[in-house]
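Asks: Can you read through this structure? Questions will come right after.
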Amino acid sequence: MKIEIIKKTTINGKNFAKGAVLSVVNERAAELIAEGKAVEFGTEVPKEKPAKSNPKYKL
Amino acid sequence: MAQTTGIMNGTLLGVYAGATPTLIAHATESSISLSMDTRDASTKDSGGYRDLLEGARSGSISVSALYEDLTTKEGVDDLMTLFNARTAVTVKFSTEVSDDHFWSASAYLTSLELSASKEDNVTYSASFELTGTITYDLIS
């Protein structure tokens, strides 16, 4: 499966930065997707949630 | 994706290699060869014909590709790492399309050859000798 890396990850001893596209076997691709490190190539990259503000320190 | 139907286009079958089996990039040819040794069991009782018995099964997977000096795709850089490490890795011959068949086994990289001719693409070919069980199954 062709995947797009969305979090820096190491595969086969190599570091892949966000945006790297590679084809790996389906089982491993599914694992990387489940770990949130990759998405299937061509699908929308999930947006990161904005950090919640701490009301204690709210101005 | 559903099973590939009709006479298969060779482009679909690729060679994946490595601890995380990754597609060998820019491949132009890929092949798998399986064979079985035989034991000669001919005797004077064979009536002048050769009698054979089963022997060891073995196989190899080969791939030819265009060379790009990249470390971000599976290619010569990774194959050189395998060559230097002399360790077996998983090699898979597959379309990675659900319900198609694949072949997979542990394998040693036994040959790596690069060729550079003037005004032509740099090419390379690699061969893996399979060791142990050769799996032939459906892609899940």
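Asks: Limited to region B:1-27, what total is found for residues that are of a type in the set (A, V, I, L, M), more than 23 Å from B:Ala88 (Cα to Cα) and touching a residue at least 12 places away in the same chain (Cβ under 8 Å)?
Replies: 4
Asks: Could you say which residue among B:Thr95, B:Thr90, B:Thr123, B:Thr81 is polar (S, T, N, Q), free of Cβ contacts under 8 Å to residues at least 12 places away in the same chain and surrounded by 15 or more Cβ atoms within 10 Å (Cβ to Cβ)?
Replies: B:Thr81
Asks: Now a separate question. Of all residues in region B:112-133, how many are in a strand (DSSP E or B), small (Gly, Ala, Ser) and more than 30 Å from B:Ile7 (Cβ to Cβ)?
Replies: Qualifying residue count, region B:112-133: 2.
Asks: Taking the conditions exactly as written (surrounded by 11 or more Cβ atoms within 10 Å (Cβ to Cβ), over 12 Å from the mean Cα position of the chain (by Cα) and more than 23 Å from B:Ser140 (Cβ to Cβ)), does B:Ser42 satisfy them or not?
Replies: For B:Ser42, the condition - surrounded by 11 or more Cβ atoms within 10 Å (Cβ to Cβ), over 12 Å from the mean Cα position of the chain (by Cα) and more than 23 Å from B:Ser140 (Cβ to Cβ) - is met.
Asks: Condition first: within 9 Å of chain B (Cβ to nearest Cβ) and farther than 20 Å from B:Ala17 by Cα. Now tell me which residues in region A:19-45 satisfy that.
Replies: Matches in region A:19-45: none.
Asks: Still on this structure: Testing B:Ala56 on (1) away from chain A (no Cβ under 11 Å); (2) surrounded by 11 or more Cβ atoms within 10 Å (Cβ to Cβ); (3) not in a loop (DSSP other than H, G, I, E, B), one condition comes back false. Which one is that?
Replies: Only one criterion in (1) away from chain A (no Cβ under 11 Å); (2) surrounded by 11 or more Cβ atoms within 10 Å (Cβ to Cβ); (3) not in a loop (DSSP other than H, G, I, E, B) is unmet by B:Ala56, namely (2).
Asks: The conditions are (1) under 13 Å from the mean Cα position of the chain (by Cα); (2) free of Cβ contacts under 8 Å to residues at least 40 places away in the same chain, and B:Thr131 fails exactly one of them. Which is it?
Replies: If we test B:Thr131 against (1) under 13 Å from the mean Cα position of the chain (by Cα); (2) free of Cβ contacts under 8 Å to residues at least 40 places away in the same chain, just (2) comes out false.
Asks: Tell me yes or no: at least one residue of region B:14-32 is surrounded by 12 or more Cβ atoms within 10 Å (Cβ to Cβ), more than 18 Å from the chain's Cα centre (by Cα) and not acidic (Asp, Glu).
Replies: No, because not a single residue in region B:14-32 is surrounded by 12 or more Cβ atoms within 10 Å (Cβ to Cβ), more than 18 Å from the chain's Cα centre (by Cα) and not acidic (Asp, Glu).
Asks: Do we have B:Tyr136 as buried (at least 16 other Cβ atoms within 10 Å of the Cβ), part of a strand (DSSP E or B) and touching a strand residue (DSSP E or B) at 6+ places or on another chain (Cβ under 7 Å) here?
Replies: When the stated conditions are applied, B:Tyr136 does not pass them.
Asks: Among the residues of region B:69-94, how many are more than 10 Å from every other protein chain (Cβ to nearest Cβ) and either outside any helix (DSSP H, G or I) or closer than 24 Å to A:Gly19 by Cα (or both)?
Replies: Number of matching residues: 10.
Taken together, the values in this text are just the output of simple stated rules run on the coordinates, not laboratory data. Remember, it's a predicted structure, so these values are computed and weren't measured experimentally. Don't worry about glycine lacking a Cβ; one is built from the backbone with ideal geometry, like all the others, and counts go over all protein chains shown.
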